[in-house]
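This report refers to the structure that appears directly beneath it.
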Amino acid sequence: MMRTLLLGGTGDALKIARRLGPAHIYSLAGLGRVPDDLTCRVRVGGFGGIEGLAAFIETESIGLIVNATHPYAAQMSHHASTASALKNIECWALRRAPWQPQSEDDWREAIDFPDIIRTLAPYKYPLWTLGREPLAHLDEIPPAQHWTIRCLDSHPGNARATIIGARGPFSLESERMLFDTQQTDVLVSKNSGGAATEAKLAVARERGLPVVMLKRPNLPPVQREFFDTNSLQDALEAGSHSQSLSIKPLK
Ligand code: NAP
């Protein structure tokens, strides 16, 4: 039987996964929470590169890959597009629209981690909200800085770093409190898009603080691209996949 393989790890992916019947597979890297209340099958962990994914497509009779990973999950996205082409199946992608700066915003785009570090040089209390990457650099924090790093899981900090384990969504009030307690003078972010983690940008805006925004990676072309979960869901329901694969229609 042909199946849809949904690559997830985001709130949007989980919304789609909740609509999938038992023939489908929802795949997670294993960084975040693994839902235990889905009708579809859930698998966790990497496939072992392009070859591993191609083999998975074969053995599980996957007929469609839906890539709903985070917009910065460039490697998984390339693997999905390449393996699906190798196995001659379609790859669709859910690509969240990026946030757009407003007129009062002071965003500085950074192309990579060293570029972020250079941009942060004049500031004392950066608030990092782009995942685990800064944890690997705790020993390199400039003496004049104290970093606050918010990521999914808490980790021990050091004299120059406070690490906060937290999962969105985050409210405006809680973000204001975080900026206050940590004396934030610059925000570091990915341009994730979506509402769940957008409040931090509003707080930076109302305080006139700069935002160092990590540039989005280039993502590979796919057969169909969607910008919201409803249109993806509609396409899954309309496609031949829904017939044999029990995609549950939206109520
Ligand atoms: P990645 O760098 O593109 O993927 C790295 C490897 O993880 C892949 O090659 C694959 O391993 C495995 N993998 C990723 N997604 C998978 C999935 N859905 N199912 C099975 N295996 C998967 O992506 P990433 O490590 O997930 O994250 C990249 C960036 O996105 C990070 O900077 C992270 O902070 C960010 N991110 C943010 C969120 C969020 O805010 N919600 C969620 C996820 C990621 P194999 O090669 O072995 O198949």
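The values are calculated or read from the model by the stated rules, or taken from the named source; none is laboratory data. Because the structure is a prediction, the values reported are computed rather than measured. All Cβ positions, glycine included, derive from the backbone under ideal geometry; neighbour counts span all protein chains shown. What goes into the accessible areas is simple: the full protein's heavy atoms, side chains included, and nothing from ligands, DNA or RNA. Shrake-Rupley method; radii C 1.70, N 1.55, O 1.52, S 1.80 Å.
Would you confirm whether any residue within segment 95-117 is under 27 Å from G239 (Cα atoms) and within 14 Å of the ligand (Cβ to nearest atom)?
Checked segment 95-117: at least one residue is under 27 Å from G239 (Cα atoms) and within 14 Å of the ligand (Cβ to nearest atom).
In the set (1) in the same structural domain as I116 (by TED's automatic domain parsing); (2) of a type in the set (A, V, I, L, M); (3) modelled with pLDDT of 95 or more, A195 fails one condition alone, (3). A count restricted to segment 49-84 and to residues that are small (G, A, S) and over 22 Å from E133 (Cα atoms) stands at 9. Yes or no: segment 97-112 includes at least one residue that is in contact with a Gly (Cβ under 7 Å, 6 or more places away or on another chain), open to solvent by less than 20 Å² (accessible area, probe 1.4 Å) and under 27 Å from G9 (Cα atoms). Yes; the residues of segment 97-112 include at least one that is in contact with a Gly (Cβ under 7 Å, 6 or more places away or on another chain), open to solvent by less than 20 Å² (accessible area, probe 1.4 Å) and under 27 Å from G9 (Cα atoms). Being touching a helix residue (DSSP H, G or I) at 6+ places or on another chain (Cβ under 9 Å) and of a type in the set (A, V, I, L, M, F, W, C) is a property that does not hold for A74.
Where strands (runs of 3 or more DSSP E) fall wholly inside segment 102-153, the ranges with 1 or more residues that are farther than 23 Å from M177 by Cβ and either assigned by TED's automatic domain parsing to the domain that holds D185 or not acidic (D, E) (or both) are 107-110.
Candidates are the residues of segment 70-94 that are part of a helix (DSSP H, G or I), hydrophobic (A, V, I, L, M, F, W, C) and without any contact (Cβ under 8 Å) to a residue 60 or more places away in the chain; the one that is farthest from the ligand (Cβ to nearest atom) is A85. Return a yes/no flag: does segment 34-54 have any residue that is in contact (Cβ under 8 Å) with a residue 60 or more places away in the chain and either assigned by TED's automatic domain parsing to the domain that holds K190 or buried (at least 17 other Cβ atoms within 10 Å of the Cβ) (or both). No, segment 34-54 contains no residue that is in contact (Cβ under 8 Å) with a residue 60 or more places away in the chain and either assigned by TED's automatic domain parsing to the domain that holds K190 or buried (at least 17 other Cβ atoms within 10 Å of the Cβ) (or both).
In this structure, does L135 turn out to be surrounded by 15 or more Cβ atoms within 10 Å (Cβ to Cβ), in contact with a His (Cβ under 7 Å, 6 or more places away or on another chain) and at negative phi? Judged against the criteria, L135 is a match. Of all residues in segment 165-188, those that are assigned by TED's automatic domain parsing to the domain that holds Y125 have Cβ atoms under 9 Å from Cβ atoms of residues that are acidic (D, E) and within 15 Å of the ligand (Cβ to nearest atom), 6 or more apart or on another chain, in G165/D153; P169/E198; F170/E198. Evaluation of I141 against the conditions (1) within 16 Å of the ligand (Cβ to nearest atom); (2) open to solvent by less than 30 Å² (accessible area, probe 1.4 Å) shows that the sole unmet condition is (1).
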